[in-house]
């Protein structure tokens, strides 16, 4: 039996724009410093250096990998940090050429020299590798190599840092067949199976409170994105679109709170184009916040963070299901599907292309939506399969190494595909399905291994090459 994954590992609150290139390195820096502190070596550190390899080096500037590492080295928590002040702190570190290591010693630290982007070197285990080198007062040195394996998950070379791996669950699940087996044996729906497994980590009340925090963060992200104008940072001069779209769709109606806003949307109509426009607006909003180093939820990654919130907000707004128990059901079901993808394939674009991010998020949303709309367990898994089947082979080719083009629009497409997949599954008989979810996951992994490296988050192929040179030099 493989890794045990909690819902709060599939859904992590963090900072954009990338779970693998921002949140993962941030968490790796925190882990390295925490280890130094536990070993009593933190106060002895006189210098520190960070080496970035592979995809982290090739697109790390656009994803803020260097910023994330510095925030982690200073001991900041990505869940609680004031994102509005993050950039000013980075500027202070760069100008003063000093860094406060994990609340301890103040070190000389020049980001231009202490963070090295080794774009021509890749570590063998995973494309997203980074090494921390600490020099001690006695002349000795300590090193730690980490891999950011997607979705904010990290592994330390020689030892997995995710504590959940050793958990024994009442319903161990590695595959969709396992999940279906437990559902059929117990008669329980998917979300109840997941909730029972979560008891291995914490009491049910804590799990439900955590889910509420996840959804609250998603809601704040949608609302913020729909009310933020201007250009996204990074040099591509990408104009935010969610706020403009929101204003056009609201048609002058007034509101002052999130719930009043949702009520206005709900009463504004239910025709197809209106609904599609709002789903797109929700997804755009989240990923514009993500691209601007805002607080988002990995779902299951930052680059695909808009799909699940957009589909869940669609369900609440247009299916009249604004109830806590339905939100719990949706997110618990989605996490089960996401964990199966992570175990059987990957959720890292650096390993599998964008099929591993937008594709997986669309499958998670499709299965969860189908389940909440009254589908059976088999129909929910069928919906997830349909969504992924039509993302197979999707490449990751960010222009300028930024999670903006084509990433933001892809979230709208993933959300719409998820809704379509759920509706198809609801109107279908799983007995006649030719492709199972496990089959499509295996196919996705085989496709990932066959895919050229230049289409795996390196900005060395695809759309990333079809732009004026001046933009690629941002």
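Read-outs: derived from the displayed coordinates by stated rules, not from any lab. Keep in mind that what you see is a predicted model, and the values were worked out from it rather than measured. Positions of Cβ are generated from backbone atoms using ideal geometry, with glycine treated the same way; all protein chains shown enter the neighbour counts.
Structural remarks
- Projecting label points 7 angstrom from Cα along Cα→Cβ for residue 453 and residue 49 puts them 2.3 nm apart.
- Value of [θ]222 nm, deg cm²/dmol, for the chain, DSSP H segments ≥ 4, -39500 (n - 2.57) each, nearest 500: -15500 deg cm²/dmol
- The chain, relative contact order in percent, only Cα pairs under 8 angstrom and at least six apart counted: 18 percent
- Solvent-free Debye calculation, one equal scatterer per alpha-carbon of the range 15-164: log10 I(q)/I(0) at 0.11, 0.14, 0.21 Å⁻¹ equals -0.36, -0.60, -1.44.
- Whole-percent P(r), the range 319-472, all Cα pairs, 10 Å bins from 0: 13, 38, 31, 14, 4, 0.
- Equivalent ellipsoid semi-axes, the range 7-65, via Cα gyration tensor eigenvalues times 5, rooted, Å: 24, 17, 8
- Once the Cα atoms are used to define both axes, helix 307-318 deviates from the longest principal axis of the chain by about 40 degrees.
- DSSP beta bridges fully contained in the range 15-164 are about 85 percent antiparallel.
- An ellipsoid equivalent to the range 183-240, defined through the eigenvalues of its Cα gyration tensor, has semi-axes of 39, 14, 10 Å when rounded to whole angstrom and sorted largest first.
- Label separation (residue 325 vs residue 135): 6.3 nm, computed from points 7 Å beyond Cα along the C-beta direction.
- Dimensionless Rg ratio for the range 83-137, taking C-alpha atoms and the 2.2 N^0.38 Å reference: 1.38
- Within the chain, percent of DSSP bridges classed antiparallel, to nearest 5: 85 percent
- Here the chain is treated as a Stokes sphere of Kirkwood radius computed over C-alpha pairs; at 20 °C and 1.002 mPa s its diffusion coefficient rounds to 96 µm²/s.
- Per-residue Cβ neighbour rank within 10 angstrom, fewest leading, 196, 43: 43, 196
- Ordering 218, 364, 10, 451 from the fewest to the most neighbouring beta carbons within 10 Å gives 451, 218, 10, 364.
- Estimated FRET transfer efficiency (residue 209, residue 95; beta-carbon r; R0 41 Å; 0.05): 0.50
- Taking label positions 7 Å along the Cα-Cβ direction at both residue 258 and residue 239, the computed distance is 2.9 nm, reported to one decimal.
- Förster radius 41 Å - calculated FRET efficiency between residue 82 and residue 432 (Cβ-Cβ, nearest 0.05): 0.15
- Ordering 12, 251 from the fewest to the most neighbouring beta carbons within 10 Å gives 251, 12.
- Sequence ranges 93-105, 264-276, ranked by mean other-Cβ count within 10 angstrom, highest first: 93-105, 264-276
- In terms of its Cα atoms, the range 146-218 spans 41, 31, 20 Å along the principal axes, sorted from long to short.
- Rounded tilt (10° steps) of 24-38 against the dominant C-alpha axis of the chain: 50 degrees
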